[in-house]
1. Take the alpha-carbon positions of segment 63-115, form their convex hull, and give its projected area averaged over all directions (one quarter of the hull surface) in nm².
2. What lysines does Lys64 reach when the alpha-carbon gap must be under 20 Å and sequence neighbours fewer than 8 apart in one chain are set aside?
3. Could you work out Rg/(2.2 N^0.38 Å) for segment 1-66, with Rg from alpha carbons only?
4. Thinking of the chain as a set of Cα atoms, what percent of all their pairs are more than 22 Å apart?
5. Find which of Leu110, Gly65, Thr96 sits farthest along the positive direction of the dipole of segment 45-113, computed with +1 on the beta-carbon of Lys and Arg, -1 on that of Asp and Glu, about the Cα centre.
6. Efficiency by 1/(1 + (r/R0)^6): what FRET value for Ala74 and Leu110, r their Cβ-Cβ distance, R0 = 22 Å, to the nearest 0.05?
7. About the Cα centre of segment 13-115, what is the dipole size in debye to 20, counting +1 per Lys and Arg Cβ and -1 per Asp and Glu Cβ, all else neutral?
8. Express in nm, to one decimal, how much length is gained between Gln1 and Ile57 on full extension, taking 0.36 nm for each residue of separation and deducting their alpha carbon distance.
Amino acid sequence: QVQLVESGGGLVQPGGSLRPSCAASRSDFSITAMSWYRQAPGNQRELVAVISSSNYINYADSVKGRFTISRDDAKNTIYLQMHSLKPEDTAVYYCTAFRFGTYYWGKGTLVTVSS
């Protein structure tokens, strides 16, 4: 089992920045990848960014150049640094962990981009 707890969402103006984080309950090497998804009202959940245990990283086209995913293994935490935020980035952001063929999900953190 893996428990994931997201934090760091909030309200920000267009053009602003936020850095949500996700803390995992496990510190071993059985988690092969972690990622951020988001879901806006009325939309399907979409993959935003992924980082693997071998440091493979990928981003959705809509966030390339604006978002950066990173991890701190000492804290069992991943981050999503978001810059140049747009109203269309408004969504609940979820953290996931992939371990032994199973995806684990956090409860999400709300990011609202509005003036």
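Read-outs throughout are calculated quantities, based only on the coordinates presented, and are distinct from any laboratory measurement. Note that this is a predicted model, so its numbers are computed, not measured. When we count neighbours, we look across all protein chains shown, and the Cβ atoms used for this are built from the backbone with ideal geometry, even at glycine.
1. 4.8 nm²
2. Within reach: Lys86.
3. Against the empirical 2.2 N^0.38 Å value, I get 1.26 for segment 1-66.
4. 26 percent
5. Selected residue: Thr96.
6. According to the calculation, E is roughly 0.20.
7. 100 debye
8. Extra length available between Gln1 and Ile57 comes to 17.8 nm.
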